[in-house]
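The values are calculated or read from the model by the stated rules, or taken from the named source; none is laboratory data. Keep in mind that this is a model prediction, so the values were computed, not measured. Ideal geometry is used to build each Cβ from the backbone, glycine not excepted, and the neighbour counts take in all protein chains shown.
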């Protein structure tokens, strides 16, 4: 008998231990549910702040780009018309840009990458405003020609391209952050609902199992003690669940199948404005706009069928009649398998909705403004074309008259002019010819910026030989030796522009040699993966590496026109033409060792691999 009593005591002890373990698990689950709910709420707040910041950064970056574009448009209008009214956007941009840039700098202070881009943008904007200010001052003090000389350097266009690239980088990064933030918002909302409800249901289930085991394992007085323990456990669990519900940032509302409110937490008070004593016992329709009452009928219908509603976005009313954008999750509450009510979790998504609407409106407005700016730029380009026509005809006509009259003067009155007068006449003719050549080169350089260049497969060998044919007279006069290393590759390029570029390279190669040397030029190409590089090597006087970055700029001359005649635009045309065709240029040289110029363009590959 004593043996059986010992076995019974051991069985009871084992059952009590399992019951205690289950209660501990239930307690841990409740704590985990509270922690998960708090973490999810924190994640949502952080994600919302990130979305708002990303949207503000995008908006400020777009405002900066619009302001500097307005400034450039006003400057061009003033240069073309001389009317100071066109300077209004430029002057407004000078005033407004620092504030916009400071706001952008403040918004990106926590991102080293974006902070670096904003710093680079600040430098570029200073340079661009300096360039615009120089052209305006030049127009006012020295006239339109002086201003256009600054414009034709291409510095302003290059700065605008770099500004657009930097702003585009800022917007791209913030667009990615915006998309990621929205994903995090959705994921955090879903996880909060799943984790909280799942953990609570699991905790209740574990507690229930523990209670059943406790009741089954005791008899007599043990049954009463087990019932007391069960009651305490349920009360503790209910208190903890109530604490979680009461302190949630979301509105958690209980209602029966008739839509009467049975519970109302602090989150519901904060969102809808009703105190618990005002809301409990009232129909849920007190927070539903009249035009959305059909939604509640549909939700109650699904509840009676045991179905839940997940993340349904709609609009509700506050106590004071203010609409609130809400995301609803409605779950049925069952008693012995029968649906007796519903638990509703409502999350305020007004700020997210407002941010999405603001972003949509901004994008729509931005498209309209970009279209307007594009139209204005097209008009300005048309006016520039007309100006180019005027320069090429009206400005060159006086030059031709100067040249003709100076030559006639020298021929008809040479003896009367004397030696000094004849020298003056020759200088007038030479200056007129140089000016005419300069105007032609400037017009060619300007056209490269506006022409529509359609790339096609082109043979570098054919282009090089055609360029040499055009320079045949100069080659014979200078006794130049040309070595073409066949075969030369094929590229995707605009043939007339490419021929112009190669002609300028070859012309410089035979020009810049020592007075007592005959030019020797070597031409070859090499494949560099997706590109083809054309080399032009000469035996000329060479270029100091300190000036390599300058040789492709407009009017950059390293030697006087008396020794090496020219306009200083040829290599600038080489660079502009190559870049317009999607390529790049470079030079390798040292003083006295000749120079190796190269252009690199997208390669053209035919099926046989040639």
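Counting only residues that are within 16 Å of residue 503 (Cβ to Cβ) and either surrounded by fewer than 23 Cβ atoms within 10 Å (Cβ to Cβ) or free of Cβ contacts under 8 Å to residues at least 40 places away in the same chain (or both), how many does segment 584-597 have?
Matching residues across segment 584-597 total 1.
So, in segment 303-342, exactly how many residues are surrounded by fewer than 17 Cβ atoms within 10 Å (Cβ to Cβ), without any contact (Cβ under 8 Å) to a residue 40 or more places away in the chain and more than 43 Å from the chain's Cα centre (by Cα)?
Number of matching residues: 8.
How about segment 258-283: which of its residues are touching a helix residue (DSSP H, G or I) at 6+ places or on another chain (Cβ under 6 Å) and either under 20 Å from residue 308 (Cβ atoms) or buried (at least 21 other Cβ atoms within 10 Å of the Cβ) (or both)?
259, 261, 264, 265, 272 - these are the residues of segment 258-283 that are touching a helix residue (DSSP H, G or I) at 6+ places or on another chain (Cβ under 6 Å) and either under 20 Å from residue 308 (Cβ atoms) or buried (at least 21 other Cβ atoms within 10 Å of the Cβ) (or both).
Kindly state which helices (runs of 4 or more DSSP H) lie completely within segment 84-190 and contain at least 1 residues that are within 30 Å of residue 352 (Cβ to Cβ).
By residue number, 88-107, 112-142.
Select, from 375, 361, 369, the only residue that is part of a helix (DSSP H, G or I), in contact with a helix residue (DSSP H, G or I) (Cβ under 9 Å, 6 or more places away or on another chain) and either in the same structural domain as residue 327 (by TED's automatic domain parsing) or modelled with pLDDT of 70 or more (or both).
Result: 369 is the single residue among 375, 361, 369 that is part of a helix (DSSP H, G or I), in contact with a helix residue (DSSP H, G or I) (Cβ under 9 Å, 6 or more places away or on another chain) and either in the same structural domain as residue 327 (by TED's automatic domain parsing) or modelled with pLDDT of 70 or more (or both).
Applying the selection to segment 49-108, what residues are free of Cβ contacts under 8 Å to residues at least 24 places away in the same chain and closer than 15 Å to residue 121 by Cα?
98, 99, 102, 105, 106
Could you tell me how many of the residues in segment 118-128 are within 20 Å of residue 176 (Cβ to Cβ) and surrounded by 21 or more Cβ atoms within 10 Å (Cβ to Cβ)?
Number satisfying all stated conditions: 2.
Does segment 132-164 hold any residues that are surrounded by 20 or more Cβ atoms within 10 Å (Cβ to Cβ) and closer than 23 Å to residue 100 by Cα, and which are they?
Matches in segment 132-164: 132, 156, 159, 163.
What pairs come out if I take residues in segment 128-147 that are assigned by TED's automatic domain parsing to the domain that holds residue 84 and pair them with residues that are surrounded by fewer than 20 Cβ atoms within 10 Å (Cβ to Cβ) and not in a helix (DSSP H, G or I) whose C-beta lies under 8 Å away, six or more apart or interchain?
Pairs found: 139/82; 144/82.
Collect the residues in segment 280-302 that are over 23 Å from residue 269 (Cβ atoms) and under 43 Å from the mean Cα position of the chain (by Cα), keeping them in residue-number order.
Correct list: 291 only.
Within segment 425-435, does at least one residue satisfy the condition of being outside the structural domain of residue 573 (by TED's automatic domain parsing), at pLDDT below 85, part of a helix (DSSP H, G or I) and surrounded by fewer than 12 Cβ atoms within 10 Å (Cβ to Cβ)?
yes
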